[in-house]
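The values are calculated or read from the model by the stated rules, or taken from the named source; none is laboratory data. Since the structure is predicted, the reported quantities are computational estimates derived from the model, not experimental observations. Glycine also receives a Cβ, built like all others from the backbone with ideal geometry; neighbour counts cover every protein chain displayed. We work out accessible area using only protein heavy atoms, side chains counted, and drop any ligands, DNA or RNA first. Shrake-Rupley method; radii C 1.70, N 1.55, O 1.52, S 1.80 Å.
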Amino acid sequence: MKRAGVLLLAAVPVAIAATAYGLSPTTTHTDPRPTHPSAATERRAPEGLAAPAMKNLAQELVASAENSTLDWRSAYGYVQDIGDGQGYTAGIIGFCTGTHDLLVLVEHYTAAHPDNGLARYLPALRKVDGTASHEGLDPGFPAAWRAEAKVPAFQAAQDAERDRIYFDPAVSTAKRDGLGLLGQFIYYDAIVFHGSGTDGFYGIRERAMREAKTPAEGGSEKAYLSAFLDVRRATMRAEHPGIDTTRIDTAQRKFLDEGNLELRTPLVWKVYGETYKVP
């Protein structure tokens, strides 16, 4: 669900470790402000949202908004043009043909598995990158995606790209800002939806930091997260007037108002009017 044009691999503002595909790291994001984690922050489990059970919960929360399900693994084969100007949206995190991340996923996967069923679409994917066009993709690309999504190696490739581009950067940035599990998830959902960069997640974060100090800067965690959600909600509505913002209003904001900064279960939330529960 990235906004068109905001996700360019060369501009991913985080240190990216070489993956199993054997690719080199890209540009590193640097934050000029020093951070001083609080004692409460230091007492938190170092894995944070990356702990297996919490990471699964994060995927369930995202899937409720992205795919209207808690069964996030069922979305490996999802592919559809949802009419948002980003071409085909596909897979567990909404990789898009128009926002570069789907192209990168298929390139990386093809480097390791050259005979895969999506490799023949690489020339077309490069051509439509950054646009809403389906040129060279129709009619076969959706069926090819669904077929390849049954292959465990492609599921693993989707997981790896999700982590490399979205999950790991969001969690590491949230930890630097002194945020607990809810804050880490709030950052993750924001980078999934908005992409990275100054007009995406990192821009929202910078504007929020002008409104409230992060815990790492000595501020209130709840006040900072409230400011972040305010800025993010306004950004969503500015980009798409009339957009449904319940993934914030009746999910993340609800957890924050309840003081559930560590995403303790059970959780109950609503997205698009539908209620979800995790015991």
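For the reader, a short list of remarks on this structure follows.
- Heavy-atom accessible area for residue 176, with the other protein chains in place and a 1.4 Å probe, reaches approximately 90 Å².
- Partners for residue 175 among lysines (Cα-Cα distance below 16 Å; same-chain residues under 8 apart left out): 55, 213, 222
- Shown for the range 127-261: the carbon plus sulfur share of the solvent-accessible area, taken with all protein chains present and a 1.4 angstrom probe, equals 54%.
- The candidates 120, 264, arranged from most to least accessible area with a 1.4 Å probe in the full protein assembly, appear as 120, 264.
- Around the amide H of residue 88, modelled in the peptide plane, lie the amide H atoms of 97, 98, all under 5 Å away and 5 or more residues distant in sequence or on another chain.
- Residue 249-residue 115 pseudo-label distance in nm [points 7 Å out on the Cα-to-Cβ vector]: 5.3 nm
- Only protein heavy atoms count here; under a 1.4 Å probe, residue 262 has an accessible surface of about 50 Å².
- Accessible surface calculations at 1.4 Å, restricted to protein heavy atoms, place the range 157-264 at 32 Å² per residue.
- Rough spin-label spacing in nm, given labels placed 7 Å along Cα→Cβ, for residue 270 and residue 199: 3.4 nm
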